[in-house]
Amino acid sequence: MGGTRVEGRVAAGSTSTVVEVEVPDVRVWAPIGHGEPTLYPVDVTVSRDGPELDRWTGRVGFRVVTLDTEPDEHGRPFQLAVNGTDLFVRGVNWIPDDCFPSQMTRARYARRLHQARDAGANLVRVWGGGIYESEDFYDLCDELGLMVWQDFAFACAAYAEEEPLRAEVVAEARENVTRLSPHPSLVLWNGCNENIWGWWDWGWAQEVRDRSWGWGYYTDLLPALIFELDPTRPYSPGSPYSFDPQVHANDAAHGTMHIWDVWNERDQLVYRDHRPRFAAEFGFQGPPTWSTLIRAVHDDPLTPESPHMLVHQKAEDGSGKLRRGLEGHLPVPEDVEDWHWATSLNQARAVRLGIEHLRSLSPYCAGAVLWQLNDCWPVTSWSVVDGDGRLKPAWFALRSAFSDRLVTLQPRDGSLAAVLVNDSPEAWSTSVTTTRRRWTGEIVAENPAPVVLAPRETVTVPLPASVGSLDHRDGDVVLAEADGHRAWWHLVEDVDARLPTPDLNTHLEETTDGYRLTVTTRTFVRDLALLVDRVDPDAEVDEMLVTLLPGESTTFAVTTTAILTHAALTDPLVLRCSNQLLP
């Protein structure tokens, strides 16, 4: 650390001392998108009259983290700031990546966390139903600039506050706070997952009555330990939490919110009915990639509800919810190949819709933490990276919705508006052109608008009725474009539309690390995807879910060591679009 050396002495009869180290001209550690994640090596030795008794070697970073939950005119925000700059949290929830923690290696952690970073995330929330991860996890987050929200290990249950459990809670919390506190990526401690919400809504009050259930842990014991051992970091008693015991724990206007009515009860469009200050959990299910699915499930015949398929679906009535989630949006296929594509696509669309809505509300809404990044087994779930580590279509939707600069179309006051989000450190001066078009590409109406956005600013551009009217006609779409960023609004859902049969021209060329497949369409195609794992389980593609007007082209870069043919890559089960799902 620049050669800085300081010594301290533990007085006779004492068990500890405080050693203060001043580092001149320090460079701060900053999260992704806000600077460099600068780290400094630290070496601490304990000795007695010369001989070394113990040593700790690691790295630290210097930064200031604050959390604003003070009441405002709307309720209570949940605004995280690092080094004095307010952040919009683009986050993903993390669960254990394997059912057997001993299987986890630094390389596997690195792959998964790079997948989070490459999707545009700046924060990973370590869920309280999982574990405190190994040093490799936090070291990698330090290096990548990925912020960590760390739950204490309490989730979805009531916990007795008496002995002998209380002593174990204290010991476990002390150990992990002490172990993890050197990591600059760790920006928030959180007391529990959904336990306070459970007290409000899950009937616990009637069952527990006058017995303890964990409230004292979250509001007294844990914050006291944080104040003693790690006072530089903010603490939240739980997620969701309103920061007022008199206000419902999952109140949208106060603190953090978990949005689960969309998946469990209603429809993805309901995301737009929610206006949270911070969405700490929300998500939608989809199956694993095809190669992961058929590796793990061997039903003959394989159907959406064959026995082993249902075993690999852990959500209550998950199969029914997947089916109902398609209704009103896409056909409900009986064929397992079409079912797999339709449910994968529907998950991707729900993820994109939810995140774009939440980001369009910034800075009122200060964060969106998707449930979930990863999986620990090959199942149908809310993850965007499946249990074998492959990217689902939803990952590409997440990456698009988490882009530093985002253009999205949102309903505002009975019409459409173009919303531009600039979550970058530079101003953005652009022109957003919004057109109402036929599927043929014909422009019906057009609205160009110059826009200048300051760093970290969101601007809403109302659209005239000629472009932004929500009145629908089959064959009409609305397209907003700015500096290569595109946003589509489909006035008619696919299931009610008469999307044209895709008419594609394709050209394949070899590259040093695989292939490039260029696709030119003669018709309007929605959500074009290349599902390369179907032809090579180890292949990867750089893009997915591309919507094109007639005459437009896109190129998919495929990374693989396998020998692939044009016929294999353009098979209708590999080169997919939503048009194919319609009769």
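The values are calculated or read from the model by the stated rules, or taken from the named source; none is laboratory data. Since we're looking at a predicted model, the values are computed, not measured. Note that we place each Cβ from the backbone using ideal geometry, even for glycine, and neighbour counts take in every protein chain shown. Just the protein is used for accessible areas: all its heavy atoms, side chains included, with ligands, DNA and RNA removed. Shrake-Rupley method; radii C 1.70, N 1.55, O 1.52, S 1.80 Å.
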Notebook entry, point to check: Given R₀ = 45 Å, FRET efficiency for ALA157-VAL26 by Cβ-Cβ distance, to 0.05?
Noted result: 0.60
Notebook entry, point to check: Given a Förster distance of 56 angstrom, what is the FRET efficiency for GLU446 paired with ASP43, based on the Cβ-Cβ distance and rounded to 0.05?
Noted result: 0.30
Notebook entry, point to check: Counting pairs of Cα atoms in region 205-317, how many percent are more than 19 Å apart?
Noted result: 66
Notebook entry, point to check: How much of the accessible area of the chain, probe 1.4 Å, is carbon plus sulfur, in whole percent?
Noted result: 50
Check: Could you give the length gained on full extension between ASP118 and HIS308, defined as 0.36 nm per residue of separation minus the Cα-Cα distance, in nm?
Finding: 65.1 nm
Check: When only DSSP loop residues count, what GluC sites (Glu not before Pro) in region 13-54 have their Cβ near at most 16 other Cβ atoms within 10 Å?
Finding: GLU20, GLU22
Checklist line | Compactness of region 97-150 - radius of gyration and Dmax, Cα, Å | finding: 10.5, 28
Next item on the list: Could you provide, to the nearest whole Å², the per residue accessible area of the chain with probe 1.4 Å?
Entry: 43
Next item on the list: Kindly list the residues of region 241-268 that lie in the label zone of GLU327, defined by a backbone N under 16 Å from the point 7 Å along the Cα-to-C-beta vector.
Entry: 262-268
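Working out 0.36 nm times the residue gap between TRP488 and ASP300, then minus their Cα-Cα distance, what length gain in nm do you get to one decimal?
Working it through step by step, the gained length comes to 63.7 nm.
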Next item on the list: Label region 438-508 by shape, choosing from rounded, prolate and oblate, from the square roots a ≥ b ≥ c of the eigenvalues of the Cα gyration tensor; if a/c is under 1.5 it is rounded, and otherwise prolate applies when a/b is larger than b/c, oblate when it is not.
Entry: oblate
Note to self: Counting each pair of different Cα atoms once, what's the Kirkwood radius of region 5-162 in Å, rounded to one decimal?
What the structure shows: 18.8
Next item on the list: Using a Förster distance of 22 angstrom, determine the FRET efficiency expected from the C-beta separation of SER415 and LEU269, and round it to 0.05.
Entry: 0.85
Item checked: Relative packing of 309-317, 401-409, 28-36, which averages over residues the other C-beta atoms within 10 Å, highest first -> 401-409, 28-36, 309-317
Item checked: Filtered trypsin sites (Lys or Arg not before Pro), region 175-217: DSSP coil and at most 12 other beta carbons within 10 Å -> ARG209, ARG211
Margin query: Can you give me the C-alpha center-to-center distance between region 439-470 and region 336-402, rounded to a whole angstrom?
Written below: 26
Margin query: Quick check: residue separation of ALA562 and TRP200 times 0.36 nm, minus the Cα distance between them. What number comes out in nm?
Written below: 124.9 nm
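If I take every Cα pair under 8 Å that is 6 or more residues apart in the chain, average their sequence separation and divide by the length, what percent do I get for the relative contact order?
For the chain, the relative contact order is 10 percent.
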Item checked: Cα gyration tensor shape of region 460-583, rounded if a/c is under 1.5, else prolate or oblate by comparing a/b with b/c -> prolate
Notebook entry, point to check: In deg cm²/dmol, rounded to 500, what helix-only [θ] at 222 nm does the chain give when every DSSP H run of at least 4 residues adds -39500 (n - 2.57) and the total is split over its residues?
Noted result: -6000 deg cm²/dmol
Item checked: Net charge contributed by nearby residues that have their C-beta within less than 12 Å of LEU530 (K/R +1, D/E -1) -> -4
Check: Beyond 30 Å, what share of the Cα-Cα pairs of the chain remains, rounded to the nearest whole percent?
Finding: 56
